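The values are calculated or read from the model by the stated rules, or taken from the named source; none is laboratory data. This is a predicted model, so every value here is computed, not measured. A quick note on method: Cβ atoms are made from the backbone with ideal geometry, for glycine too, and the neighbour counts reach across all protein chains shown. Ligands, DNA and RNA are excluded from the accessible area calculation, which covers all protein heavy atoms including side chains. Shrake-Rupley method; radii C 1.70, N 1.55, O 1.52, S 1.80 Å.
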Number of protein chains: 2
Amino acid sequence: MSRATLTRDTIVDTTIRIIAEQGTEGFTMRSLGQALGTDPTAVYRHFRDKAELLRAVSERLLGTVTVDLPADAGWRPVTVEVCRRLRSALLNQPQLATALQFGPPLQPTEFAITETLLRQFRLAGLEQGAAALAYHSVIELTVGSAAIDAALHSLSSRERSQQYFRWRSVYATLDPAEYPETVGASAHMYRGTADERFVHALEALLDGIVPSP
Amino acid sequence: MSRATLTRDTIVDTTIRIIAEQGTEGFTMRSLGQALGTDPTAVYRHFRDKAELLRAVSERLLGTVTVDLPADAGWRPVTVEVCRRLRSALLNQPQLATALQFGPPLQPTEFAITETLLRQFRLAGLEQGAAALAYHSVIELTVGSAAIDAALHSLSSRERSQQYFRWRSVYATLDPAEYPETVGASAHMYRGTADERFVHALEALLDGIVPSP
DNA sequence: CGCTGTCGTCAACACTGTTGACAACGATGT
DNA sequence: ACATCGTTGTCAACAGTGTTGACGACAGCG
């Protein structure tokens, strides 16, 4: 019986589970302790503070972004796949922005993402400076898409559809004299899944970055 | 002898000032009360809770986005200008994501932004469905750019430049064998101002959305 | 066996947003 | 002019947050 019931891995596991089940607000040090079956402050034996724990969580989530990528798919499908995975990882942890506050000097997995994306853009024929700008561009789009959809991510797909429908209704019932375009396009707003909208935007961005012949 | 010392406008003013000076973490109900010279709980006579106050703040900030737009500049400069203003407004209030949690049924100013952007895309020749997708795309990019730069926004331009330099150094000193592209492009990362990078990304996105002949 | 260092436990601190009772004050009706 | 009323600032307090320091149980080791 390993008396050490608590380890960094199990703590990170439980943290991810809590956030996935109850959302980012339902995760507190005390709820974590309860889920672990220990005193809440026992976690501080393994992590300096909550920020370090969340950094470890983001490290775990971001670790899946660049693994097992299709080798011979070409730069563009690989780029889309990496960004989709990154967006998915960010969705599971909106608080990553907090951990990201310290900037790039982060975890090894972040460097792997940067390296992978930069390589794809170089494969696409971009110079180093253009590749760096392209990297910043796709990261901004990916983070934004995740931030916008983070609130609805904890909902079921049914509830999400209902929410989209509700928003379309709001747009549709605006004053047509004041908001003609919004009313006219209301049926097309928030159509499909958030992932589909993101991929559409990403494809457009990539079209603009690397114009196809 | 101002008896009605507190009003919604002055509270919103002070809130914006505190967030601008001390960042989003330095703003609490108690610090707000101290800045107002009243008891912290007096604010609750004018706003139901902190969320409603922040909604009023976002309403104030977003109100400047669509006013006095150049009339005959063409859809593209107008779109860029609106997105730049929106990004600037979001930068001043990272917590807007919290207020935005409730989704589109928000304030009138948000509808004005949506209407303006949709009209520009219609002017560019897009159908209603394509305009809606384009709207979602530019919003995602704008929100993401603001989210990424929010952490550094409270810094002075000098400190910001130093931070950028520090990050470039981190990239430059990685293992070239493992991260060749990152090391190679390190000198081009985080170049220029964040606004310039955003406009570059936005221009690329617009190129992809509405291909120029 | 005894020692040492790790690690879970407990109480407590400073802080947050928020609420209900209380009181001062201007405005209002007769 | 007086009493009344509703608005609004004040105060104490509550539940909840992250975090710290003292305490003690336990494993491994000489």
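Out of the residues in the stretch B:6-32 meeting the condition of being over 25 Å from B:Ala150 (Cα atoms) and touching a helix residue (DSSP H, G or I) at 6+ places or on another chain (Cβ under 8 Å), tell me which one is nearest to DNA strand C (Cβ to nearest atom).
We begin by selecting, within the stretch B:6-32, every residue over 25 Å from B:Ala150 (Cα atoms); these are B:6-8.
Pick out the ones that are also touching a helix residue (DSSP H, G or I) at 6+ places or on another chain (Cβ under 8 Å) and you get B:6, B:8.
Numbers: B:Leu6: 13, B:Arg8: 15 Å.
So, considering only residues that are over 25 Å from B:Ala150 (Cα atoms) and touching a helix residue (DSSP H, G or I) at 6+ places or on another chain (Cβ under 8 Å), the one nearest to DNA strand C (Cβ to nearest atom) is B:Leu6.
Could you please let me know if A:Thr24 is within 14 Å of another protein chain (Cβ to nearest Cβ), within 12 Å of DNA strand D (Cβ to nearest atom) and either closer than 22 Å to A:Glu110 by Cβ or in contact with an Asp or Glu (Cβ under 6 Å, 6 or more places away or on another chain) (or both)?
Criteria met by A:Thr24.
Could you list all residues from the stretch B:41-75 that are away from DNA strand C (no atom under 13 Å from the Cβ), among the small types (Gly, Ala, Ser), open to solvent by 30 Å² or more (accessible area, probe 1.4 Å) and closer than 22 Å to B:Leu90 by Cβ?
none
Does A:Tyr164 satisfy the condition of being of a type outside the set (D, E, K, R) and either closer than 30 Å to A:Gly125 by Cα or at the interface with chain B (Cβ under 8 Å from one of its Cβ atoms) (or both)?
Values: of a type outside the set (D, E, K, R): yes; either closer than 30 Å to A:Gly125 by Cα or at the interface with chain B (Cβ under 8 Å from one of its Cβ atoms) (or both): no.
The answer is no for A:Tyr164.
Restricting to the stretch A:33-45, and then to whatever is in contact with a helix residue (DSSP H, G or I) (Cβ under 7 Å, 6 or more places away or on another chain) and away from DNA strand D (no atom under 12 Å from the Cβ), can you tell me which residue is nearest to A:Ala151 (Cα to Cα)?
A:Ala35
Helices (runs of 4 or more DSSP H) wholly in the stretch B:110-205 with at least 3 residues that are of a type in the set (A, V, I, L, M) and buried (at least 20 other Cβ atoms within 10 Å of the Cβ) - which ones?
Values: elements: B:128-153, B:157-172, B:180-185.
So the answer is B:128-153.
Check B:Glu115, B:Glu140, B:Glu178 and return the single one that is farther than 30 Å from A:Ala150 by Cα, at the interface with chain A (Cβ under 9 Å from one of its Cβ atoms) and of a type in the set (D, E, K, R). Before the answer, list the steps.
Working: B:Glu115 fails: farther than 30 Å from A:Ala150 by Cα; B:Glu140 fails: farther than 30 Å from A:Ala150 by Cα.
Step by step, each of B:Glu115, B:Glu140, B:Glu178 is checked, and only B:Glu178 is farther than 30 Å from A:Ala150 by Cα, at the interface with chain A (Cβ under 9 Å from one of its Cβ atoms) and of a type in the set (D, E, K, R).
Between a residue in the stretch B:23-41 that is under 13 Å from B:Asp13 (Cα atoms) and any residue that is within 9 Å of DNA strand D (Cβ to nearest atom), which pairs come within a Cβ distance under 6 Å, given they are 6 or more apart or on different chains?
B:Gly33/B:Asp39; B:Gly33/B:Pro40
List the pairs whose first member sits in the stretch B:170-191 and is assigned by TED's automatic domain parsing to the domain that holds B:Asp149, whose second member is open to solvent by 30 Å² or more (accessible area, probe 1.4 Å) and part of a loop (DSSP other than H, G, I, E, B), and whose Cβ atoms are under 6 Å apart, counting only residues at least 6 apart or on separate chains?
Listed by first residue and then by second, the contacts come to B:Val170/A:Pro105; B:Val183/B:Pro176.
Quick one: in the stretch B:181-193, of everything that is β-branched (Val, Ile, Thr) and more than 27 Å from the chain's Cα centre (by Cα), which residue is nearest to the other protein chains (Cβ to nearest Cβ)? Give the steps one after another, and end with the answer.
Pass one, the stretch B:181-193, residues β-branched (Val, Ile, Thr): B:182-183, B:193.
Applying the additional criterion that residues be more than 27 Å from the chain's Cα centre (by Cα) yields B:182-183.
On the way: B:Thr182: 5, B:Val183: 9 Å.
Among those that are β-branched (Val, Ile, Thr) and more than 27 Å from the chain's Cα centre (by Cα), it is B:Thr182.
Within the stretch A:195-209, count every residue that is touching a residue at least 12 places away in the same chain (Cβ under 8 Å) and more than 9 Å from every other protein chain (Cβ to nearest Cβ).
Total satisfying the criteria: 2.
Run B:Thr38 past the list (1) in a helix (DSSP H, G or I); (2) away from every other protein chain (no Cβ under 14 Å); (3) within 16 Å of DNA strand C (Cβ to nearest atom); (4) open to solvent by less than 60 Å² (accessible area, probe 1.4 Å) and report the number of the one that doesn't hold.
If we test B:Thr38 against (1) in a helix (DSSP H, G or I); (2) away from every other protein chain (no Cβ under 14 Å); (3) within 16 Å of DNA strand C (Cβ to nearest atom); (4) open to solvent by less than 60 Å² (accessible area, probe 1.4 Å), just (1) comes out false.
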